[in-house]
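The values are calculated or read from the model by the stated rules, or taken from the named source; none is laboratory data. Predicted model, so just to flag it, every value in this text is computed and none were measured. Positions of Cβ are generated from backbone atoms using ideal geometry, with glycine treated the same way; all protein chains shown enter the neighbour counts. Accessible surface areas use protein heavy atoms only, side chains included; no ligands, DNA or RNA. Shrake-Rupley method; radii C 1.70, N 1.55, O 1.52, S 1.80 Å.
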Amino acid sequence: MTPPTPSDPDAPHRRLDARRNQERVIAAARELFAEQGLQVTVPQVADRAGVGRATVYRSYPSKEDLIVAVVQQQFQELEQRTRAALDGADAYREWCSFVPDLFGRLARDRVLADAFFEGRLVPAARILGLIGQLVAAARSSGKIRPDAGELDIRVLLCGAVRQLIVLDERDPAVWRRYADLVLNALRP
């Protein structure tokens, strides 16, 4: 298909069609990821959206691009929250507030939890790096183990998140309990 030219009378219709297809792809991906997790394939998303695979790949060259598009707003909010904690006056207090908030968000949104666990995605990796910075800043309070670092955060946070996902745990109280356990694990 050739791209529409400004003199092409069908150009506005094609652009509208492309937007509708993109909305259907995102909606289908969100539904499937919520139902089955991030192991869903791009062909499954295309089938659910009622479009061809090429339509999906045109907008989202990789599955990771599609995942990021689905959780983009959540990642932005999570990154803003993490940066706000970093900018707080008392890093330890911010850390103690941040972890339960993070686990609460992940308990409410399984797609975000899966994507966050997949720390190799650029936004998730960036957020995990910021969380590592928050722990480093909070260490100066003396209330966090002096040897705690970013790897510990990845193992403790992502490990707990992964197990709660695998166990299909959806009770926010259970997620809060594991947030407390993560906080306690880093105390001296």
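Key figures
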{"read-out": "10 Å Cβ shell holding at most 13 others, DSSP loop, trypsin sites (Lys or Arg not before Pro): longest site-free stretch of the chain", "value": "1-119"}
{"read-out": "Only Lys, Arg (+1) and Asp, Glu (-1) charged, at Cβ; the chain dipole about Cα centre in debye", "value": "80 debye"}
{"read-out": "Estimated [θ] at 222 nm from DSSP helical runs (n ≥ 4, -39500 (n - 2.57)) normalised by residues in the chain, nearest 500", "value": "-23000 deg cm²/dmol"}
{"read-out": "Rh (Kirkwood; distinct C-alpha pairs) - the chain, Å", "value": "18.2 Å"}
{"read-out": "Relative contact order (%) - region 24-159, alpha-carbon pairs under 8 angstrom, separation at least six", "value": "23 percent"}
{"read-out": "Total charge dipole magnitude, region 94-188, about the Cα centre, Cβ charges on Lys, Arg, Asp, Glu only, Debye to nearest 20", "value": "120 debye"}
{"read-out": "Net charge over other residues, Cβ less than 12 angstrom from the Cβ of Val51 (K, R count +1; D, E count -1)", "value": "+2"}
{"read-out": "Percent accessible area from carbon and sulfur atoms, the chain, protein chains only, probe 1.4 Å", "value": "51 percent"}
{"read-out": "Per residue solvent-accessible surface (Å²) - region 56-142, probe of 1.4 Å", "value": "44 Å²"}
{"read-out": "Span per principal axis, largest first, for the Cα atoms of region 45-143 (Å)", "value": "56, 22, 17"}
{"read-out": "Leading residue at positive end of dipole, region 27-76 (Cβ point charges), from Ala29, Pro43, Gln74", "value": "Pro43"}
{"read-out": "Average projected area [Cα convex hull, region 86-159], square nanometres", "value": "4.7 nm²"}
